[in-house]
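The structure appears right after this line, and notes come after that.
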Ligand SMILES: *Cc1c(COP(=O)(O)O)cnc(C)c1O
């Protein structure tokens, strides 16, 4: 990701910024597309992971659909050329205004997260003389074995409809003239690397599919959501995820009926590795027990370490790691006036100096999109290679 030319280019640029390696992004998209295509699976990109303009254009150009979680994401998907027939809209709290915008845009489907929401969408669609396509987001009670802050498929989470409410759902679907039921939807969490979780999910999807069919419903779409994780610990050796193994689990364990489509909503795994947060060392503070590297980027640029104790590899691009005999442990911190503004404690790095360029790796997903203006920080810029 960082050859000498790239690092030379960084020398002349103001920091911090997000650096996007669009070649790596394209290779990732091609790998995913090929692996899914083998089984005829459809992939929607979960736009909340990263909505940088160049990133969206690249993803759209590979034929992916868009999985949106707000009305503005729906509008952005359409603006960047995603076909309306490939736009889906999920979220526990869709406002009337957002639902109306999506109805007017004639998107493919709403992933509905409560019985009440079915009612609201039905009413709003009826008032517009439209039929809204809906998939039911069901909480399969599968433990994603991921960090509890990013697990979503358990009974205790706010997302989705629990299985004990399915009778109410079936009744509501039957009595709602402005809804067209198209399928069932699941999303059990994020940063999942254990394929066993997806196997369990397949088993639950098969059971729930049977439940609906036994009651006379036809299911056109099985949507398994997203959640496939990336390797934050060795971004250089594992820069493209093992899409083949992932899709093969669904090929092997999902009970797909003739004519059915299988949909996925991948976010993180498509974009995480192709971006890094680039920053400079402002100060090196040597304390009695601690050494601090104070960067010019902090939680306002990348909040994942502070929000969910996420690990990101940190590299000093100005020093060559091969000839490091002088490794020092630093607490790598940002400039923001919060004690939690620390990327990681005891990071082993070559002896570092003011002005060194630091890369916080695997920052393409849930990074730039969560940037904030706290402390009246300057909005962070993007820098690209491979345009
Ligand atoms: C966030 C989200 C995704 C994508 O999750 P990743 O872990 O980034 O793959 C997919 N579907 C829904 C409904 C989501 O909310």
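Each value in this text was obtained by applying a stated rule to the coordinates, not by laboratory testing. Here the structure is a predicted model, which is why all the values come from computation and not from measurement. As a convention, Cβ positions derive from the backbone with ideal geometry for all residues, glycine included, and neighbour counts pool all protein chains shown.
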* Asked: Which angle between 0 and 90 degrees, to the nearest 10, do you get for helix 195-214 versus the longest principal axis of the chain when only C-alpha atoms count?
  -> 20 degrees
* Asked: To the nearest 10 degrees, how steep is helix 22-37 against the longest Cα principal axis of the chain, on a 0 to 90 scale?
  -> 30 degrees
* Asked: Using Cα atoms only, what is the angle between the long axis of helix 243-253 and the major principal axis of the chain, expressed in degrees (0 to 90) to the nearest 10?
  -> 30 degrees
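With both bridge residues required to lie in the range 22-272, what share of the DSSP beta bridges run antiparallel, to the nearest 5%?
If we restrict to bridges inside the range 22-272, about 5 percent are antiparallel.
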* Structure fact -> Scoring the chain by relative contact order with C-alpha pairs under 8 Å, at least six apart, yields a percentage of 20 percent
* To do: Mind jotting down the distance between the C-alpha centroids of the range 89-119 and the range 260-285, whole Å?
  => 28 Å
* To do: Give me the orientation-averaged projected area of the Cα convex hull of the chain, in nm², one decimal.
  => 19.8 nm²
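By count of other Cβ within 10 Å, fewest leading, how are 289, 304, 268, 128 ordered?
Least crowded to most crowded, the residues run 289, 128, 304, 268.
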* To do: Have a look at 364, 189, 37 and tell me which one the Gaussian network model of the chain (Cα, springs below 10 Å) gives the largest fluctuation.
  => 37
* Peptides ranked, highest mean first, by Cβ atoms within 10 Å: ranges 6-17, 175-186 -> 175-186, 6-17
* To do: Quickly rank 367-373, 295-301, 281-287 as a protection proxy: mean count of other C-beta atoms within 10 Å, highest first.
  => 295-301, 367-373, 281-287
* Where both residues lie in the range 273-385, what percent of DSSP beta bridges are antiparallel, nearest 5? -> 85 percent
* Structure fact -> Rounded to 0.05, the calculated FRET efficiency for the beta carbons of residue 378 and residue 292 at R₀ = 25 Å is 0.65
* Asked: Sorted by packing (mean other beta-carbon atoms within 10 Å per residue), highest first, where do 308-317, 230-239 land?
  -> 308-317, 230-239
